[in-house]
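Following: one structure in structure tokens, then a few remarks.
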Amino acid sequence: MAVPLLLDACHSTPQQALSRETPTDTVWIRGLKFVPDTLYLSGESRVVFINQDMVVHNVKSLDSSWGSPNLPSDSSWSFLMQQSAAYQCTLHPTMRGWIIVQHADSKH
Amino acid sequence: MFTKLFAGIAMPMLLSFTPLLAVAQQKPQLSDPEIASVAVTANQVDIAYARIALQKSHDPDIRNFAQTMQRDHQSVIKQATALVQKLHVTPKDNAVSQSLRTQEAKTSKALKAKTGKAFDQAYIQNEVSYHEAVINTVENVLIPEAQNGELKGLLQQVLPVLKEHLQHAQAIAEKLGATK
Ligand SMILES: [Cu+2]
């Protein structure tokens, strides 16, 4: 879990340097869906997943590079997204979502 | 495919959905305490099937699915129980709940008689059919007939859970060559 959390200084865009805070975005889990199912991030951002369903879910990247524990009803989990990823709930494999990290610096 | 898979147990497997299909067609008038009883019983029945699968199957997809069934249907029962307590409603046993239990006993017996891949296929096919029948009943009987708004709301929240279970079961059935 520690490796992906390491910040890479050259990722910083001028905007991020100004705010000095990692932006946070939210994905709601409700009605057995990730809402929004595709989340666009301008640069790396912390994403909070909030389970509003009555059943337990999890959030795991399809390449197994990151994943949450089981998230009971009304609980949340967050992760610093540095790369685009497709993810699913392995308890309900029809639940899929996508994180698209758009880097301002296209050379990167 | 259906005939081939269930050659020996065609009757009990077919019969197992009759009560719910009949319910959906006949639309009996159910009171809220009766609806609560049917809802809890329908979830208990699927937990019973999941327990058999966890005892008998070694297939990772089947085991993962059965664990989800056990966990999710327990969550629904917990929510339903909390709601009826809050509303001071006592679930009332009725003909639909009774026939669900009777058919569960028959289907469980048929499932227990199978082993290996034949068991996995029979279990997942039953899950597809059972969820189809329950969705039909919840959508066309329980939700329209529920008088209390919170009970109706809970049933509406359960619907996407059941629909996801159905899609999940259908995907496994296809993978195992157990489609109708
Ligand atoms: Cu899930």
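The values are calculated or read from the model by the stated rules, or taken from the named source; none is laboratory data. A quick note: this is a predicted structure, and the numbers were derived from the prediction, not measured. All Cβ positions, glycine included, derive from the backbone under ideal geometry; neighbour counts span all protein chains shown. For accessibility, only protein heavy atoms count, side chains too; no ligands or nucleic acids. Shrake-Rupley method; radii C 1.70, N 1.55, O 1.52, S 1.80 Å.
List the residues whose amide H sits under 5 Å from the amide H of residue A:45, counting only those 5 or more places along or on another chain, with H placed 1.01 Å from N in the peptide plane.
Counting only residues 5 or more places away or on other chains, the set is A:81.
Suppose all protein chains stay in the model; what accessible area per residue would a 1.4 Å probe give for segment B:106-180, in Å²?
Accessible area per residue: 40 Å².
On the protein heavy atoms, probe 1.4 angstrom, tell me the percent of accessible surface of segment A:39-108 carried by carbon and sulfur.
47 percent
Would you work out the charge dipole size for segment B:69-180 about its Cα centre, treating the Cβ of every Lys and Arg as +1 and the Cβ of every Asp and Glu as -1, and quote it to the nearest 20 debye?
The dipole magnitude comes to about 400 debye.
Kindly compute the accessible surface that chains A and B hide from a 1.4 Å probe when together, both sides summed, and give it to the nearest 100 Å².
1100 Å²
Which parts of segment A:83-99, residue by residue, lose 40 Å² or more of accessible area when the rest of the protein chains are there, as against the chain isolated (1.4 Å probe)?
Going by heavy-atom accessible area, the residues of segment A:83-99 that drop by at least 40 Å² are A:91, A:92, A:94.
Given labels modelled 7 Å from the Cα in the Cβ direction, how far is it in nm from residue B:54 to residue B:174?
2.8 nm
What nm distance separates the two modelled labels at residue B:95 and residue A:76, each placed 7 Å from Cα along Cα→Cβ?
Placing both labels 7 Å beyond Cα along the Cβ direction yields 5.0 nm.
For segment A:23-101, what proportion of DSSP beta bridges, expressed in % and rounded to the nearest 5, is antiparallel?
Antiparallel bridges: around 65 percent, rounded to the nearest 5.
Could you name every residue in segment B:53-73 that has 30 Å² or more less accessible surface in the full protein assembly than in its own chain alone (probe 1.4 Å, ligands and nucleic acids excluded)?
Listed in order, they are B:64, B:71, B:72.
What residues of segment A:28-51 lose no less than 40 Å² of accessible area with every protein chain in place versus their chain by itself (probe 1.4 Å, heavy atoms only)?
Residues meeting the cut-off: A:32.
At 1.4 Å probe size, with every protein chain present, just tell me what the per residue accessible area of segment A:23-101 comes to in Å².
Here the per-residue accessible area is 41 Å².
Positive end of the charge dipole of chain B (Lys, Arg +1 and Asp, Glu -1 on Cβ, about the Cα centre): tell me which of B:155, B:66, B:54 has its Cα farthest that way.
Working it through, the farthest residue towards the positive pole turns out to be B:54.
Beyond 23 Å between alpha-carbons counts as too far, so tell me which of B:109/B:175; A:33/B:152; B:56/B:175; B:78/B:175 fall in that bin.
Where the Cα-Cα span goes over 23 Å, the pairs concerned are B:109/B:175; B:78/B:175.
For residue A:34, what residues show an amide H to amide H distance below 5 Å, using hydrogens built from the backbone and excluding near sequence neighbours?
Under 5 Å from the amide H of residue A:34: A:96.
Relative to the present Cα-Cα distance, how much length would full extension add between residue B:44 and residue B:61 at 0.36 nm per residue of separation?
4.0 nm
Please identify the helices of chain B, taking whole runs of DSSP H, that span at least 24 Å along their own axis as judged from the Cα atoms and have a mean Kyte-Doolittle score of 0.0 or higher.
Membrane-span-like by this rule: B:32-56.
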